[in-house]
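Written out below as structure tokens is the structure these notes cover.
All of the numbers you see were taken from the coordinates with simple rules; none came from a lab. Everything numeric in this text was worked out from a predicted model, so none of it was measured. In this analysis, Cβ positions are derived from the backbone assuming ideal geometry, glycine residues included, and neighbour counts consider all displayed protein chains.
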Amino acid sequence: EAQVTQNPRYLITVTGKKLTVTCSQNMNHEYMSWYRQDPGLGLRQIYYSMNVEVTDKGDVPEGYKVSRKEKRNFPLILESPSPNQTSLYFCASSLPGANVLTFGAGSRLTVL
Amino acid sequence: SQQGEEDPQALSIQEGENATMNCSYKTSINNLQWYRQNSGRGLVHLILIRSNEREKHSGRLRVTLDTSKKSSSLLITASRAADTASYFCATALFDYKLSFGAGTTVTVRA
């Protein structure tokens, strides 16, 4: 089944404890992106990647890192999480030029 | 700031009625898309309308686009309980940059 898989789905952590949210897609999509969703704010893009080793900042990149070493994987790294990063995170991917995103199921992160 | 803004924020209708929601945006776009999200789950793509199109249909969905007014509407006809969800418009400013609005929450009452 064509899908975007995120892990973990739920995570509670403490301020400053580094964490990684993994994202993997099995559709051979070049483009991948991370969004965060907060009440009343819709989805805001954190980082995106046009292809392997090509990443760029979205609208709210502060406090996050990404890497794209393989086409299928696009992990989101929070080096020193803070409470304002408590949010629902989505990974998404698409074919180049298609512009239609396939989303993962989401990862709900709580930073205490 | 967000490119797209949906109106209304919330909508409650009876099963069988039509639901209409609107999206306004600020700058020229390549295309506009609508997505559905069921209670905190991942978004699912519904329909895409290009800037040179005025209307598009997909099953019970009808989307219109008015580039002169920078607005779009999504009509869901003959609503069902399963249509209860949040609906988001997303505007494509250029390839790969999709900007989402805050969404319209639709509740379909049995």
When the charge dipole of region A:35-112 is computed with +1 on Lys and Arg Cβ and -1 on Asp and Glu Cβ about the Cα centre, the Cα farthest towards its positive end, among A:Ser94, A:Leu76, A:Gly58, belongs to A:Ser94
Let me spell out the model: positive unit charges on the Cβ of Lys and Arg, negative unit charges on the Cβ of Asp and Glu, origin at the Cα centre of region A:18-112. What dipole size does that give, in debye rounded to 20? 180 debye
Sparsely packed trypsin sites (Lys or Arg not before Pro) within region A:29-81, loop by DSSP, other Cβ within 10 Å at most 13: A:Lys69
Translational diffusion coefficient of chain B at 10 °C, 1.306 mPa s, Stokes-Einstein with Kirkwood Rh over Cα pairs, in µm²/s as a whole number. 115 µm²/s
Give a residue-ordered list of calculated ³J(HN,Hα) values for region A:44-50 (Karplus: 6.51 cos²θ - 1.76 cosθ + 1.60, θ = phi - 60°; whole Hz; x for Gly, Pro). 10, 7, 9, 8, 9, 9, 7
Consider all pairwise Cα distances in region A:1-42 and report the whole-number % of them above 17 Å. 50 percent
Per-residue Cβ counts within 10 Å, from other chains only, averaged over B:37-50: what number is that? 4
Report relative contact order for chain A in percent, whole number only (criteria: Cα-Cα under 8 Å, sequence separation at least 6). 36 percent
Taking the Cα centre as origin and putting +1 on Lys and Arg beta-carbons and -1 on Asp and Glu beta-carbons, what dipole magnitude results for chain B, to the nearest 20 debye? 160 debye
Dividing the Cα radius of gyration by the Kirkwood radius, what Rg/Rh value follows for region A:1-104? 0.95
